[in-house]
Amino acid sequence: MNHPYESELKALKRSGRYRERRIRDSSLIDAASNDYLGLAEKKELHLKACETLSHYSDHAPKASMLVNGYHPIHAAFEEALCDANGFEAGIVMGSGFNANIGLIEALVRKGDVLLMDEEYHASGVAGSRMCEGEVIFFPHNDASALEKELIRFSGKRVIVAVEGIYSMGGDLVPKAIIELAIAHEAILILDEAHSSGVIGKSLMGTLDHYEIAPTPLMIKMGTLGKAYGSFGAYVLSSRHISDYLINRAKNVIYATAPSLYDTARAHHALEYIQSHALELREQIAIRQRIVYDVLGITCAGLIVPIEIGDNREVMRLQEILKKETGFHVGAIRQPTVKKAILRLIARVDIDENCLRDACERLTQIWVK
């Protein structure tokens, strides 16, 4: 039995859902990655991170945070994130995926209720299958449905999990959902992977956008591999919840602490965002207008989802755009999404004319 999964792989190929890794083609214009602000390509951030590391004798974490891996670079970044976002305490973590799993598995105990948006990221869904409490998925961005569940479970410890901007649909969580969590004293997990660095007056994300001050029951999870142009994640919360996570979250206790280089790079990215917020907001707005003018799509951030509906067709359209415009957009298929989409990321370092040309070519080959 040398090929035990042959039938499953054949089924994926028949349905157009077979995936392959391909080396990134640097000759193409990157409109597929989540490097929203183009910071992954900023050499100055790399040099600053290297300079930061040069002040220390060790350049890797070497152990988990609770053994010997908690480094001054980690602590400095956590403090800067708290100051920028208005939270009491922070923990840097290895990735957004393991941060979501660690958070949810640790927070939702026996007798608790987890109310999760049905379009929450796969990492959160995986975490929900590991927790001890009751898990209910409510209709996407439906505040009235959430309110009914919050009333039904009044008196219990309830955890609400939503995203700021949803990774595939690109839509923003309604303010009413955040307000409901506050009013019902539910613990709120706000996944800001795709909103932090993209929306808000200071580009700090959803709470900044809605001008809502963090409460002791709010938890903000953000990633460093998207707008921050690095790798890793962070969780911001009250001191009380942070202390609890340090003692119960398995991804904090048992995993090696995050990379010092990536943490330092993300810290310098945060400083860059803070000092260039106005300019970056203007660049984001320009690209949102181009997308609306040409495609008629209103973007909460920089994710442009274009529903195609056919797995093979999204791959065909992706190849046309590569060959004719030099644009690499994401081709997202089931089961990641309910219906196959082209996922265009209108990154701020993409030339405005190039973005417009690619969008216009898309309207010519895309049959709505």
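The values are calculated or read from the model by the stated rules, or taken from the named source; none is laboratory data. For clarity, every value in this text was computed on a predicted model and none was experimentally measured. Note: ideal-geometry Cβ built from the backbone for every residue, glycine included; neighbour counts use all protein chains shown. With ligands, DNA and RNA removed, areas are computed over all heavy atoms of the protein, side chains included. Shrake-Rupley method; radii C 1.70, N 1.55, O 1.52, S 1.80 Å.
Rounded to the nearest Hz, the phi-derived 3J(HN,Hα) couplings of the range 27-33 under the Karplus curve 6.51 cos²θ - 1.76 cosθ + 1.60 (θ = phi - 60°) are 7, 8, 7, 7, 10, 10, 7, where x marks glycine and proline. With the convex hull drawn around the C-alpha atoms of the range 1-47, the volume per residue stands at 151 Å³. Starting from the Cα gyration tensor of the range 145-285, take the square roots of the eigenvalues, sort them a ≥ b ≥ c, and report rounded, prolate or oblate (rounded when a/c is under 1.5, otherwise prolate if a/b is larger than b/c, else oblate). It is oblate, given that a/c is not under 1.5 and a/b is not larger than b/c. Proximity of backbone amide H atoms, modeled 1.01 Å from N, is registered between Gly164 and Asp191, Glu192, Ala193, His194 at under 5 Å, excluding neighbours fewer than 5 places apart on the same chain.
Counting only protein heavy atoms and a 1.4 Å probe, the range 102-215 has 38 square angstrom of accessible area per residue. A convex hull fitted around the alpha carbon atoms of the chain yields 163 Å³ per residue. For the pair the range 314-338 / the range 179-227, the C-alpha centres are spaced 30 Å from each other. The equivalent ellipsoid that matches the C-alpha gyration tensor of the range 1-152 spans semi-axes of 33, 29, 19 angstrom, in descending order.
Between Gln334 and Lys156, the distance separating the two model label sites (each 7 Å from Cα on the Cα→Cβ line) works out to 3.2 nm.
As a ratio to 2.2 N^0.38 Å, the alpha-carbon radius of gyration for the range 126-177 is 1.22.
Applying 1/(1 + (r/R0)^6) with R0 = 22 Å to the Cβ-Cβ distance of His140 and Tyr210 gives a FRET efficiency near 0.75.
How many angstrom lie between the Cα centre of the range 116-158 and the Cα centre of the range 32-46? Using only Cα atoms, the two centres lie 34 Å from each other. With viscosity set to 0.890 mPa s at 25 °C, what whole-number translational diffusion coefficient in µm²/s follows for the range 286-335 from Stokes-Einstein and a Kirkwood radius over Cα pairs? Taking Rh from Cα pairs, D becomes 204 µm²/s.
Counting only protein heavy atoms, what percent of the accessible surface of the chain is carbon or sulfur at a 1.4 Å probe? Accessible surface attributable to carbon and sulfur in the chain totals 50 percent.
Bridgeable aspartates and glutamates around Lys322 (alpha carbons under 15 Å apart, same-chain partners fewer than 8 residues away excluded): Asp25, Asp30, Glu313, Asp357, Glu360.
Average accessible surface for the range 244-301: 46 Å² per residue, computed with a 1.4 Å probe over protein heavy atoms with every protein chain in place. Estimated from helices alone, the mean residue ellipticity of the chain at 222 nm is -13000 deg cm²/dmol (sum of -39500 (n - 2.57) over DSSP H runs with n ≥ 4, per residue).
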